[in-house]
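To start, the structure under review is shown below, and the notes come after it.
Any read-out appearing in this document is the output of simple, stated calculations on the displayed coordinates, not a laboratory observation. Here the structure is a predicted model, which is why all the values come from computation and not from measurement. Counting neighbours? That spans all protein chains shown, and the Cβs are built from the backbone with ideal geometry, glycine included.
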Protein chains: 2
Amino acid sequence: MDQLKLLYLIPVDLGFSPEGGIYSPEQIRIIYSLKHFVAENASTARKMLKKCGYPHPLQEVEIVEFNEHTRAMPETMADVKKMLTDVPVCGLMSEAGMPCVADPGHEVVRLAHELKIKVVPLHGPSSIMQALVASGLNGQQFVFHGYLPVKTEFRKSKLRELQVQAQKSNYTHIFMEAPYRSNQILQDIVSVLSDLISLCVACEIGTPEEYIETKKIGQWKKSLPDLHKKRCIFCISA
Amino acid sequence: MDQLKLLYLIPVDLGFSPEGGIYSPEQIRIIYSLKHFVAENASTARKMLKKCGYPHPLQEVEIVEFNEHTRAMPETMADVKKMLTDVPVCGLMSEAGMPCVADPGHEVVRLAHELKIKVVPLHGPSSIMQALVASGLNGQQFVFHGYLPVKTEFRKSKLRELQVQAQKSNYTHIFMEAPYRSNQILQDIVSVLSDLISLCVACEIGTPEEYIETKKIGQWKKSLPDLHKKRCIFCISA
């Protein structure tokens, strides 16, 4: 492994940075030392750099955008490869939270391993992990399913499948949904799952609007929160 | 929900704090404001407070130990409940990484939800999440299995089961092992799994000895690293 070449995986805040930002002093030192990034979204990446007091002119920063849309273009991976090969130290940033979780960034990391570049994951916000630990549900075994199917019938059938899995073993099952469908999926969850299943609704994690509550489906049914346009993580457990 | 009562979930470093510690300025402000903690290990918790420049005398800090051993004692949960009820703001700390992941802390959080105490999860180190993102394997769906069975035959049978699951869907499967069994489990992994399975070995995450490498089982077989007494996370994917 070429120890001189490094790819730092840099987490991004979850929508709201408190005074002083989300990074530790050591992480700030690392971020300030970088001028080359692969980012899920270039504009978010620049905003994040600005917010944490990045000391270099942003015009000097080189960013290759790698996301759900650009990854299909043949030149994107070539640009990423050129940056990883030409530059001794790069950073990889997601749009929010940990890079490579619920985004296609792992393809960049896989390439880094193939190129024998050392990958260094910085710690940081992860709405999935923070939802899980705050849920009070089992954190010794868990599954993250990403997004459930969009179509109602497939989504309901997937929810039934997760309930069976949760009843068979003690794993916590975690999934998410686009903010404009949060109310819809909550309706589906309470209509499909048994009253005795525990559900944690974790909204807007890491922001001043953070809301996290865990109750049995039977209790949720008595009064459902309005989740419209809220970024939510759902955790269920038998 | 009684918004005046708060339980902060506080992550702890993974064995090595760089200069300045792992916390952001906002997190430091929160930690300094606390004098009551539930901790997996009281001595680790005190060390962590000292390391991050905690400004109050440590004798003034009240800590209830809640872990695999004390949780069976009837007075432990009573002590936790008393602290959560009597004090407006408490912290929950694990021995390393995020609280409630791979430790029984979720029982404390469940109680907090029952008592209508607001639970606030701070972001921080998580060897599982950092191993996953640095593995280059799929981070859009994954399973954390905790510890595999100790007995060789059951462990091998579990590994075969995980391989079948990995081949059926695209989920990444993550598990860990006690440091003194790391070489043994690596032997079992390469002896049981097919040459085409991808394996990430992630050791001593967040420390100067960090080592993360992803290769196919067939490639690993050519030369196995010595993992003796190293804290490892393993990720596999078909």
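Which of rounded, prolate or oblate describes the stretch A:2-121 when judged by the alpha-carbon gyration tensor and an a/c cut-off of 1.5? It is prolate, given that a/c is not under 1.5 and a/b is the larger ratio. In a simple Cβ point-charge model (Lys, Arg +1; Asp, Glu -1; nothing else charged), the stretch B:2-121 has a dipole of about 280 debye relative to its Cα centre. Sorted from closest to farthest, the other copies place their A:Asp86 label points 6.4 nm away, with each point set 7 Å from Cα along Cα→Cβ. Per-residue 3J(HN,Hα) values for the stretch A:63-70, derived from phi via the Karplus relation 6.51 cos²θ - 1.76 cosθ + 1.60 with θ = phi - 60°, read 10, 9, 7, 10, 8, 3, 8, 6 Hz in sequence order (x marks Gly and Pro). First obtain the Kirkwood hydrodynamic radius of the stretch B:127-237 from its Cα pairs, then insert it into the Stokes-Einstein equation at 10 °C and 1.306 mPa s, and state the resulting D in µm² per second as a whole number. My calculation gives 116 µm²/s for D. Relative to one another, the C-alpha centroids of the stretch A:54-84 and the stretch B:157-223 are positioned 31 Å apart.
Simple point charges give the picture: +1 on the Cβ of Lys and Arg, -1 on the Cβ of Asp and Glu, and for the stretch A:127-237 a dipole about the Cα centre of about 300 debye.
For B:Lys118, the lysines whose Cα comes closer than 19 Å to its Cα, not counting residues fewer than 8 places off in the same chain, are A:Lys215, A:Lys216, A:Lys230, B:Lys5, B:Lys35, B:Lys81, B:Lys82. With the biggest extent put first, the Cα atoms of the protein assembly as shown measure 58, 48, 48 Å across the principal axes.
Annotation: amide H-H contacts under 5 Å for B:Gln141 (H modelled 1.01 Å from N, sequence separation of 5 or more, or interchain): B:Thr172. Taking amide hydrogens as placed 1.01 Å from N in the peptide plane, the amide H of A:Leu227 sits under 5 Å from those of A:Asn183, each at least 5 positions away in sequence or on another chain. Where Lys and Arg each count +1 and Asp and Glu each count -1, what net charge lies around B:Pro179 among other residues with Cβ under 13 Å from its Cβ? With Lys, Arg at +1 and Asp, Glu at -1, the neighbours total 0. Subtracting the Cα-Cα distance of B:Gln165 and B:Glu62 from 0.36 nm times their residue separation leaves 32.5 nm of extension gain. Rg/Rh, computed from the Cα trace of chain B with Rh as the Kirkwood radius, has the value 1.02. Here the stretch A:66-199 is assigned +1 on the Cβ of each Lys and Arg and -1 on the Cβ of each Asp and Glu. Its dipole about the Cα centre then comes out at about 280 debye.
Per-residue ellipticity at 222 nm computed for the protein assembly as shown from its helices equals -10500 deg cm²/dmol, with DSSP H segments shorter than 4 residues left out and the rest contributing -39,500 (n - 2.57). Neighbour counts of C-beta atoms inside 10 Å place A:Val80, A:Val150, A:Val119 in the sequence A:Val150, A:Val80, A:Val119, starting with the fewest. Counting neighbouring Cβ atoms within 10 Å and putting the fewest first, the residues A:Met73, B:Met93, B:Met129, B:Met83 line up as A:Met73, B:Met83, B:Met93, B:Met129.
Between copies, the label points of B:Val150, set 7 Å from Cα on the Cα→Cβ line, lie 5.0 nm apart, reported in increasing order to one decimal in nanometres. Along the axis of the charge dipole computed for the stretch A:122-215 (Cβ charges of +1 for Lys and Arg, -1 for Asp and Glu, origin at the Cα centre), the listed residues A:Phe144, A:Leu162, A:Thr172 are led at the positive end by A:Leu162.
Ordering B:Ile117, B:His106, B:Gly218 by Cα displacement along the dipole of chain B toward the positive end leaves B:Gly218 in first place; charges were set at the Cβ atoms of Lys, Arg (+1) and Asp, Glu (-1). For the stretch A:31-77, the alpha-carbon radius of gyration amounts to 1.21 times the rule-of-thumb value 2.2 N^0.38 Å expected for a compact globular protein. With neighbour counts taken as other beta-carbon atoms within 10 Å, the residues B:Leu58, A:Leu92, A:Leu122, A:Leu111 rank, fewest first, as B:Leu58, A:Leu111, A:Leu122, A:Leu92.
Summed over all non-identical Cα pairs, the Kirkwood treatment of the stretch A:102-187 gives a radius of 15.4 Å.
Averaged over peptide A:112-125, the number of partner chain Cβ atoms lying within 10 Å of each residue's Cβ comes to 6. Taking GluC sites (Glu not before Pro) as exposed when DSSP calls them loop (any state but H, G, I, E, B) and at most 14 other Cβ atoms lie within 10 Å, what is the longest stretch of chain B free of them, the sites themselves excluded? The longest uninterrupted stretch comes out as B:69-208. Nm distances between the label at A:Gly53 and the same-position labels in the remaining copies, 7 Å along Cα→Cβ, shortest first? In ascending order, 1.2 nm. May I ask which residue of B:Ile205, A:Ile185, A:His56 lies farthest towards the positive end of the charge dipole of the protein assembly as shown, with charges of +1 (Lys, Arg) and -1 (Asp, Glu) on Cβ and the Cα centre as origin? The residue sitting farthest along the positive end of the dipole is A:Ile185.
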